[in-house]
1. Provide a single number: the residues in the stretch A:202-221 that are more than 10 Å from every other protein chain (Cβ to nearest Cβ) and hydroxyl-bearing (Ser, Thr, Tyr).
2. Only one residue in B:GLY116, B:GLY74, B:GLY161 is within 14 Å of chain A (Cβ to nearest Cβ) and surrounded by 15 or more Cβ atoms within 10 Å (Cβ to Cβ). Which one?
3. Tell me which residues, restricted to the stretch B:235-254, are within 13 Å of chain A (Cβ to nearest Cβ) and under 19 Å from B:VAL35 (Cβ atoms).
4. Within the stretch B:255-264, can you find the residues that are within 10 Å of chain A (Cβ to nearest Cβ) and touching a residue at least 12 places away in the same chain (Cβ under 8 Å)?
5. What number of residues within the stretch B:173-196 satisfy the criterion of being more than 21 Å from B:ILE50 (Cβ to Cβ), within 13 Å of chain A (Cβ to nearest Cβ) and aliphatic (A, V, I, L, M)?
6. Would you pick out the residues in the stretch A:309-333 that are within 15 Å of A:PRO263 (Cα to Cα), more than 25 Å from the chain's Cα centre (by Cα) and crowded, with 18+ Cβ neighbours inside 10 Å?
7. Taking into account only those residues within the stretch A:41-90 that are assigned to a loop (DSSP other than H, G, I, E, B) and closer than 22 Å to A:GLU237 by Cα, which is nearest to the other protein chains (Cβ to nearest Cβ)?
8. Which one of these is part of a strand (DSSP E or B) and free of Cβ contacts under 8 Å to residues at least 40 places away in the same chain: B:LYS33, B:LYS21, B:LYS12?
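The values are calculated or read from the model by the stated rules, or taken from the named source; none is laboratory data. Everything numeric in this text was worked out from a predicted model, so none of it was measured. Backbone-built Cβ (ideal geometry, glycine too); neighbour counts: all protein chains shown.
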Amino acid sequence: MDSKRNPLETGRIANRPALLEVKDLKTYFYMSRNRIAKAVDGVSFSIQENETVAIVGESGSGKSVTALSILNLIPNPPGEIIEGTIQLHGKDLLDLSKREINKVRGEEVGMIFQEPMTSLNPVFTIGNQVAETLIKQQQYRKKAAYKKAVELLERVGIPRADEILKAYPYQLSGGMRQRVMIAMAMSSSPKLLIADEPTTALDVTTQAQILDLMLDMKEAYHSSILLITHDLGVVAETAERVIVMYGGQVVEEASAEDLFNDPLHPYTKALLESVPDLEEDQDRLTAIPGKVPPAHDFPKGCRFAPRCPFVMDKCLAIHPELENITARQKVRCHLYEGER
Amino acid sequence: MAEKKEKLLEVKRLKTYFPLKKGAFKRHVGDIKAVDEVNLTIYKGETLGIVGESGSGKSTLGRTIVKLINPTAGEIIFEGTDIAAFNNRQLNSYRKNMQMIFQDPYASLNPRMTVGQLVEEPMAVQQTLSKKERKEKVLDLLDKVGLTEEAVKRYPHEFSGGQRQRIGIARALTLNPKFIIADEPVSALDVSVQSQVLNVMKDLQEAFQLTYLFIAHDLSVVKHISNRIAVMYLGQIVETGPKEHLYANPLHPYTKALLDSIPIPKVKRERKRTKLEGEIPNAADPPSGCPFRTRCPFAFERCKVERPKMREVGDEQQVACHLYPE
């Protein structure tokens, strides 16, 4: 938590070129003839070089599908990216052939998931899997690959790395497995690391270690991180900029500082209030009534309107657009009309 | 705090060991000490929170107290009676007093039963109420946990996670229990729904004078709902105390580290952290002496040879650590 975390104050953010630019992304899932789940419904955002951006939202908000769409990992059928562009360094990832996108996945964008057990193959040793990545993606020879694998594991803080190479995934703890995943994801020093709930399955003390490791790797490799999480605490500890998603759309976007000190959207406010406060005693928690609307049946107007304490007639009829309130903060809410 | 509180449950030197077997003849080669000499007192009407990381034994402790798992040794004294050695038949009359709420509302409800049947089932087993009275009670309970009457005829899969957890709570309350063990009841839920369920649990505690044992890994949730807190590490309780003291002034190095690792949803620049290295050791091969010594930044010689006893420090706070005088 030092000065390099807050580039907004130093004005660095404006100078950084965009690394990833997502525009009007729509990813739909065709469930049955008349049911279309609009999991991601018109999402736009960008990530600068060497920046940590968090997408936060509850289950069903579309945050994970957004992440999977970036690498074109949406299972088709039933899913399909029906609209939008995803540009990495100016190159549209949605136009790439299967072979080209595979190359991007290994070399330019690394990805880690919530449950490392399902991302690692249970019947191969750790060494086998790390070395295979190096052989396939970076044309290492077998012997050199194993040597490099030891280095990579040591870099992510795995003790006795040469022994761990011979271990199978089930023999490692959750934290260790996630370290292995990070080592593999960073092996080609990618420009972007997408981390989908990387610490959700871990204990708090291990979570703190893994988050530190991710930020450390980001600095070391000058990469950017797109962190997908439901945990606002994790967001506050790591992210520079935050995107709040609800009902397949971005409802607020701001620097971490603005978002936590001055949240605008009623959903963001309610979300922050529903986390039990460690420092103050509360008799009752603020709960958001109701539940996230299903992606195949969104309300006509604002998607948060049925749960919103400030709902107006207009909210039920007209769908609000995502608008800039200040140069750095965007919100999708009728309450802020005319404040621009 | 001065008034004399009435004990509901007392656990004395409780041990739950799982034997490790090896070879063709299933030779007994050692034990996993999931719960290792735990002493606890729970007073009427309070909520005792148990926190710890995975592998600390907190769930096994909860399950041993309701005797879903039989203890290896020790006493479980519920309202003056030691139930540790009771068999299933003897337990029958006690079971209605202690109920459990589980973490996964998807796995703990029979998918082939309607919500009405699910909530009624415990009463049908105990057979103290007539059919009509049972139906009325079901409706009353569903209303209390915030579900509508139409829920009765629907099946669990038609409900969201938060609503299912409400069904689980209604089911646990059917027999008017005095004591409820909630094992990670909100950890599978989204934050906005989590707070709904926590509020319901608090309301019901007041309405029915319930005593809770609340097991969770999330320290902010535990703090919100508990009066007193016990911190577990590797099968042992390392610190207990009223929540105000424990959070403001944690004594055990592990409690400190645990509190320091919680990510706080506020943008703060300066935060000092006691960082923990490594991970929780294997419960089949725990360290000698203090269970935490392998990760403790303050460990010294004595921690290696002698297991620290619980000692009283200040106002009702107890800690098992050699850093404090006995």
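1. Of the residues in the stretch A:202-221, the ones more than 10 Å from every other protein chain (Cβ to nearest Cβ) are A:210, A:213-221.
Subset that is hydroxyl-bearing (Ser, Thr, Tyr): A:221.
Matching residues across the stretch A:202-221 total 1.
2. Numbers: B:GLY116 fails: within 14 Å of chain A (Cβ to nearest Cβ); B:GLY74 fails: within 14 Å of chain A (Cβ to nearest Cβ).
Only one candidate passes the filter, namely B:GLY161.
3. If the condition is that a residue be within 13 Å of chain A (Cβ to nearest Cβ) and under 19 Å from B:VAL35 (Cβ atoms), then B:TYR254 is the only one that fits.
4. From the stretch B:255-264, those within 10 Å of chain A (Cβ to nearest Cβ) are B:257-264; that's our starting set.
Hits for the stretch B:255-264 are B:ALA257, B:LEU258, B:LEU259, B:ASP260, B:SER261, B:ILE262.
5. The total comes to 2.
6. Within the stretch A:309-333, none qualify.
7. In the first step, residues of the stretch A:41-90 are kept if they are assigned to a loop (DSSP other than H, G, I, E, B); the result is A:49-51, A:57-62, A:71-78, A:89-90.
Remaining after also requiring closer than 22 Å to A:GLU237 by Cα: A:49-51, A:57-59, A:61.
Working: A:GLU49: 22, A:ASN50: 19, A:GLU51: 16, A:GLY57: 9, A:GLU58: 4, A:SER59: 6, A:SER61: 9 Å.
Step by step, filter the stretch A:41-90, then rank; the result is A:GLU58.
8. Going through B:LYS33, B:LYS21, B:LYS12 in turn, the sole match is B:LYS21.
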